[in-house]
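What follows is a short report on a single structure.
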Amino acid sequence: MKKIVIVGCGNVGMAYAYALTTSTVPFDELVLIDLNLEYAKGQAQDLNDSLPYCPNYHKIYGGTYQDCNNADIIVLCAGRNQEKGETRQDLIDKNYDVFYDIISKISQTNFNGIYLVATNPLDVMTTITQKLSNFTPNKVIGSGTVLDTARLKYILGRKLKINPSQIHSYVIGEHGDSEFIAWDTTIIGMNDINSYLTEEEQEQCTEYVRNCAYEIINKKGHTNFGIGMSLVKITNAILSNSHEILTVSVYDEKEDINYSRPAIIGENGIQSIMPLKLTKKYAKLLDNSIKSIKNCYNQIPNNKN
């Protein structure tokens, strides 16, 4: 019996829940936890109405932290929203206390599965989850730049009129303003990206990926569908033990923070981390991205971190 718990039934949590319900991800039970239990129960009831038309039947219900006991994955979607004009780093003071409360409650249960984090600022919140839970790093995964990589593949696919699934490229570093695309490792077919795009066009794509979330927030107030599907992608890799390579946010012991790089994902969480072979240009960009995340993390008062 595969059991998933979602903590936080807001826009992201419910986009993920709906995408999960309509997917073929192998799970049996889905628990929704929210500050408002009746709201969680209402969302579960609404999802249950869709089950007759879904690929598989699932048990879905609003629950409490006691339901975390035998969960395989807990997906943390709780937290304050990113408002217009805010960066992801502006959220740090808002969301630390939220996570402290949530993880303290989960720690009182027998949960020994995998944490999957979706709350911004993503890399910092994933680091906080690992430290507060005291779980081994392979069992604490941030959604990282899986969404950013999807945005990259979408814009390249549209520009080049190629199926995005056939584009092999990764967004590395922070899930945020300092993220970068390792263009020199981007492959389409058997050709590198320079066969398709000029450096100026590559930079335009980079700016699109970096600014996409801000544009969506300015237009509709939040993002949810892209991250919802990205979480399903990661969940499927775990529960299917597919050993898929995804750019999730993983812990770097040397740097003492999380950031995104390609990792092999399976039933134990992070099975292994792929080595990064970056040119000096991109190694410098990664250093800058790591510094950006550290600066954000260091905004947490000393009595908390």
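Throughout, read-outs are computed from the coordinates displayed, never taken from laboratory work. Keep in mind the model is a prediction, meaning the values are calculated, not measured. Cβ: placed from backbone, ideal geometry, glycine included. Neighbour counts: every protein chain shown.
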Kirkwood estimate for the chain, i.e. one over the average of 1/r between Cα atoms, Å: 19.6
Once the mean 1/r over all distinct Cα pairs of the range 146-297 is inverted, what Kirkwood radius in angstroms do you read off? 16.2
Ordering of 119-132, 56-69, 173-186 by burial proxy (mean other Cβ atoms within 10 Å per residue, highest first): 119-132, 173-186, 56-69
Going down the list 59/139; 254/284; 2/153; 254/277; 2/139, which pairs span over 23 Å between their C-alpha atoms? 59/139; 2/153
Charged-residue dipole, Cβ positions (Lys, Arg, Asp, Glu), the chain about Cα centre, Debye nearest 20: 180
